[in-house]
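First the structure, in the form of structure tokens, and then the observations on it.
The values are calculated or read from the model by the stated rules, or taken from the named source; none is laboratory data. All values derive from a computational prediction rather than experimental measurement. Note: ideal-geometry Cβ built from the backbone for every residue, glycine included; neighbour counts use all protein chains shown. The accessibility values were calculated without ligands, DNA or RNA, using every heavy atom of the protein model including side chains. Shrake-Rupley method; radii C 1.70, N 1.55, O 1.52, S 1.80 Å.
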Amino acid sequence: MKYFSLIWSALFRSKTRTALTLLSVVAAFLLFGLLDSVRVAFTSGGGVAGADRLVVSSRLSLTQMLPLNLEQKIASTSGVKRVAYAAWFGGIYKDPRNFFPNFSVSENYLSLYPEYVISDAQMKAWQNDRTGAIVGDSLAKKFGWKIGDTIPLQATIFPQKDGSNAWPLTLRGTFVVADDKKKGEENQLLFHWKYFDEANQYVNGQVGWYMVKLDNVDHATRVAKAIDAISENSDRETKSQTEQAFNQSFLKQFADIGFIVTAIMGAVFFTLLLLTGNTMAQAVRDRVPELAILKTLGFTNGSVMALVMAESVLLVVLGGLIGMGLAAIMVPVLAALTGGALPVGAIPAETWAMGLALMVGIGLVVGALPSLRAMRLKIVDALAGR
């Protein structure tokens, strides 16, 4: 630490060049903090251990539906407390850009989601209306829907038996999610599976997936294996997994979040390496006489090398911490602005750890060649201007 003032002074010898490079590092790590937080949120927690709700879907594909008679077999499995089911609908509201999850559910579906708060009166009104629908409060506010409004969904997969793609639904209730980190779950619409089963043209007596409530979270792995064993070696084999793992599988139908984030950040950090490397190389070239004087005063080759390397690491770490700090402020703000659609409320510890490792690693890489040049510098040649 006794050389910190010397390193700091050398770093800001050319204030404009250092400031511009620092801004580039800040921008790179701000982007990293935001994108990697989303990646971790989408890709973590894939195991079944510790989960009190499981999703049972087809092992072959999410588009492969399961028979309704599987419900009783799952319900009779030891460790299962309650079973509900749902089927993806995939309708659109006015414009394909108005995408939101919409699917048909069994009447007891919301009993597995106590965090979804809805009034008893609205729940009863929904249960008594064959074409009734329930939506999240955020979705209702987004489109200005009120109780009693007709929501004209247009089918993209399942037309009605008369060939029509129109599925008019009546809004009978809205639910809220108290946890701000899960506000994104308010952007969905639910309607009756019985209505869907009776009215659609193609599939009958089939569901998209089963929701399973466990009596003990410690039994998750055993129950998952027991459920999958029911249909083993049949043409309807199942895969039991956590909700998060199921959501990951669903999202990968559209894009691999992890790959996209890795590709973007790979390009960003490669550019950052070139930029900061050039900055450090130029900084050493400008200070050749000063480095020679340090050696004349008794600094060893190793000491001079360490000073230049520390300067490089300090530049990247300083910019990286500012960038990650800004990302930490922006993540909860963006989550709130998107109504919770951004599935993360804070930068995960995993992202912080990776970010710090990248800061130090990049600093060492870009400082390697300039510090070696400083170490090998000959006093006579440097002072002679050669």
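Normalising by residue count, the range 194-332 has a Cα convex hull of 269 Å³ per residue. Applying 0.36 nm per residue to the separation of residue 218 and residue 15 and subtracting their alpha-carbon distance, the gain on full extension is 67.2 nm.
Among 11, 219, 159, which residue has its Cα furthest toward the positive end of the charge dipole of the chain, with +1 on Lys/Arg Cβ and -1 on Asp/Glu Cβ? Most positive-ward Cα: 11.
Geometric descriptor of the range 258-318, per residue, is 86 Å³ (volume of the convex hull of the Cα atoms). In this calculation the C-beta distance from residue 176 to residue 76 is compared with R0 = 35 Å, giving a FRET efficiency of 0.55. Between helix 349-376 and the chain there is an angle of about 20 degrees, using the helix long axis and the longest principal axis of the Cα atoms. Here the simple spin-label model places points 7 Å from the Cα toward Cβ, and for residue 64 and residue 285 these points are separated by 6.2 nm. Here the simple spin-label model places points 7 Å from the Cα toward Cβ, and for residue 27 and residue 3 these points are separated by 3.2 nm. Taking the charge dipole of the range 83-150 about its Cα centre, with +1 at Lys and Arg Cβ atoms and -1 at Asp and Glu Cβ atoms, the residue from 109, 148, 92 reaching farthest to the positive side is 92. Rolling a 1.4 Å probe over the protein heavy atoms of the chain, with every protein chain left in place, gives an accessible area that is 61 percent carbon and sulfur. Where only DSSP H runs of four or more residues are counted, the chain gives -16500 deg cm²/dmol as its mean residue ellipticity at 222 nm, each run worth -39500 (n - 2.57).
With a Förster radius of 51 Å applied to the beta-carbon distance between residue 274 and residue 121, the computed FRET efficiency rounds to 0.20.
Helix 220-230 and the longest principal axis of the Cα set of the chain meet at an angle near 50°. The mean sequence separation of alpha-carbon pairs under 8 Å and at least six residues apart, normalised by the residue count of the range 45-181, gives a relative contact order of 23 percent.
With Cα atoms as the point set, the radius of gyration and Dmax of the range 124-267 evaluate to 18.9, 55 Å.
Taking every alpha-carbon pair under 8 Å whose residues sit at least 6 apart, the chain reaches a relative contact order of 28 percent.
Were the residues from residue 296 through residue 232 laid out at 0.36 nm apart, the gain over their Cα-Cα distance would be 15.2 nm. Summing Cβ point charges (Lys, Arg +1; Asp, Glu -1) relative to the Cα centre of the chain gives a dipole of roughly 1440 debye. Dividing the Cα radius of gyration of the chain by its Kirkwood radius returns 1.17 for Rg/Rh. Over the range 174-232, accessible surface divided per residue gives 44 Å², non-protein components excluded, 1.4 Å probe.
At an R0 of 22 angstrom, the distance between the Cβ atoms of residue 160 and residue 98 translates into a FRET efficiency of 0.60.
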